[in-house]
1. When you scan the stretch 394-411, how many residues do you find that are modelled with pLDDT of 90 or more, open to solvent by 10 Å² or more (accessible area, probe 1.4 Å) and not charged (D, E, K, R)?
2. Could you list, in sequence order, the residues of the stretch 143-184 that are over 16 Å from Tyr331 (Cα atoms), touching a residue at least 40 places away in the same chain (Cβ under 8 Å) and charged (D, E, K, R)?
3. Tell me, yes or no, whether the stretch 300-307 has at least one residue that is in contact (Cβ under 8 Å) with a residue 24 or more places away in the chain, of a type in the set (S, T, N, Q) and farther than 24 Å from Leu187 by Cβ.
4. Yes or no: Thr307 touching a Phe, Trp or Tyr at 6+ places or on another chain (Cβ under 8 Å), buried (at least 23 other Cβ atoms within 10 Å of the Cβ) and part of a helix (DSSP H, G or I)?
5. Consider Ile388 carefully, then state whether it is surrounded by 18 or more Cβ atoms within 10 Å (Cβ to Cβ), within 27 Å of Glu190 (Cβ to Cβ) and over 29 Å from the mean Cα position of the chain (by Cα).
6. So is Arg326 part of a helix (DSSP H, G or I), of a type in the set (Lys, Arg) and out of contact with any Ser or Thr (no Cβ under 6 Å at 6 or more places or on another chain) or not?
7. Tell me, which residue of the stretch 246-281 that is acidic (Asp, Glu) and assigned to a helix (DSSP H, G or I) is most open to solvent (accessible area, probe 1.4 Å)?
Amino acid sequence: MITPAFELTQDPDFLTIIIKVPYARASEFDVYFEGEDFKFYAKPYFLLTLPGRVVEDGREKASYNTDKGIRTFTIRLPKEIPGQYFEGLDMLTSLLAPKKSRSGKPLVEEIAVSAELSEEEEEEFDWEIEQTPYEESAGSTLPLQYRYGFGNLRSGVFQRLQDELSDVIDIKDPDQTPIDERRRKRLAAEAAKFDPDHYLADFFEDEAIQHVLKYRPWWVDAHKKMTAFKGESQQEHDTHTFVVFSDEEKEQLRKFTNKSYLLDKRSRHHVYLGLIDILLAYCYEICVNEGDKNVESAWNVRKLSATLCWLESFTSIHDVLVSFGRRVLCYPLHRHFGLVTRAFNDTVMILQLGEAAVLKCLLDIHKIFRENDPAYILNDLFITDYCIWIQKTKSKKLAALSESLQKTTLAKSHTGFELEELEAAAVLVEEEERMLKAAGTVSKQQLPSSESETSESEESSSTSSSETEGSDSDERESSTSEDGKINSLQGTLQEERTAPLIDCNGLRQGTNTSTFEVSDEKPKVSLQSTSVPGKLIEELEKQMHTAIRLSEQPEGLATASCILREQEENRVSEPDGFSKDTTGKGNFLEVSSKANPLLLFCSTNEDED
């Protein structure tokens, strides 16, 4: 049986069914309807279950249109009760098969489903009650396999998919891992993955995060329209008018197989909580990517949802929020608590919009996983069943779920990562750095004034130094007069050019020019070796021990003395140089240890003179 593309609309008196059959002939179709049953045949056979009762009273009408090459049948059926509102016209999968089947097994399932629905209508589920996880019995001798998937109805799936296991979920060997152990391993993995530096970086440098938080997905405008409509009119209205399905989404709904699920109260509880967890992860993905899909979209959704990634079965709404908050702070690129709050608010709005908005989100998740290998396994385990199941869920159940979710609070302290302490410590460090920068700025501003003060002090010091130099010059003049005899002797030596120096033994110390320096930058006294008259040599020899030793002057005038041969160890190795005495008070003329004979040459003319 081929199911053609179709859609349903309604007004207070009529239900309109539009069926597109591009390959059918207008002469080969048949329509039958009675109560909630509707049958359309145009080769192939098509069977539809209506959401409400219709009657055949002569007002029914059918038309056939071939515009744009598409053959379309439009059938208008009168409602049995005029003004009655039919719910679920967009839930196409739930309309593909009749509620009652003629086979034995589906008959048992349908009876159980009917009992389930009546139980749901009679009892209001208390979402705040803490429930204990289901403990599987280990009485069988066969290897125990723990369940997972939608409503914990599946087992043994990953035994056949060991190669794809690590790319889809984080838990190893889920078939042999009980629920409580899965939770312990998940918490340990999250604690090991949390990075305080990454969190603080996103906390202080949040420009990109603040930008994505401004994005408005489609459900924000739809929720505003619904709220405004409720404020204007108190009459019953179709919330699905605020949610529009694309042709691709309608086609996917027709491809699903309509079936019922045998879920007890505990399983239904897990299914609803798992739905919140999946929607939270999806809202985060839509927000951070601003509605666009990329190669990381499938990873974001499955990684942030412990239901998908760890096959978790939650027991309370608060546990769902804590798990989602922890995983947002551990795994994705943007790890900011503001994104947790944003996803929380978006999920509340989606649930308030009803099953149509939830179904549209699930269809988008189904498409993301369908286009990613091997994430399609999660469609088989969870998303496809959720897409079928949500179409039969009562709107008041989702309204109660959204109300309970809205009342639940999540604080940073609930995550267990000490976020508030980290932020406080980081703020203190930031304040200290700001104070240091401020102090540096003040010191830079005070630098010009200190420079002016320094220049003034330099001027005053230069004045005092000039005065000191004047007094020093006076002292030098007086000392120069006192040393007149020595200076006169040096002048005589300079004028007579008597260079050869005689040591204590009367030996000459070289014929080259010998120079000795006077400390405190005094003028140099140089003795140049030339041929001199013999009488001057004799006079120089007599005065060597008394005149050539320079007395120590206050200005540090250098003095010279003959060094005895027994003090050779205290002299400097360089000839014709000066060395300080042991007290460091004067310099002495150093005579070489070489015993060269004194060679005196006089010209004939000089001897004659």
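The values are calculated or read from the model by the stated rules, or taken from the named source; none is laboratory data. Computed from a predicted structure; not experimentally measured. Reconstructed Cβ throughout: ideal geometry from the backbone, glycine too, with neighbour counts over all protein chains shown. Keep in mind that these areas ignore ligands, DNA and RNA; they rest on the heavy atoms of the full protein, side chains included. Shrake-Rupley method; radii C 1.70, N 1.55, O 1.52, S 1.80 Å.
1. Selection size over the stretch 394-411: 8.
2. Arg154, Glu164, Asp180, Arg182, Arg183
3. Within the stretch 300-307, none of the residues are in contact (Cβ under 8 Å) with a residue 24 or more places away in the chain, of a type in the set (S, T, N, Q) and farther than 24 Å from Leu187 by Cβ.
4. Taking the combined requirement at face value, the residue satisfies it.
5. no
6. So Arg326 does not fit the description; no.
7. Within the stretch 246-281, the match that is most open to solvent (accessible area, probe 1.4 Å) is Asp247.
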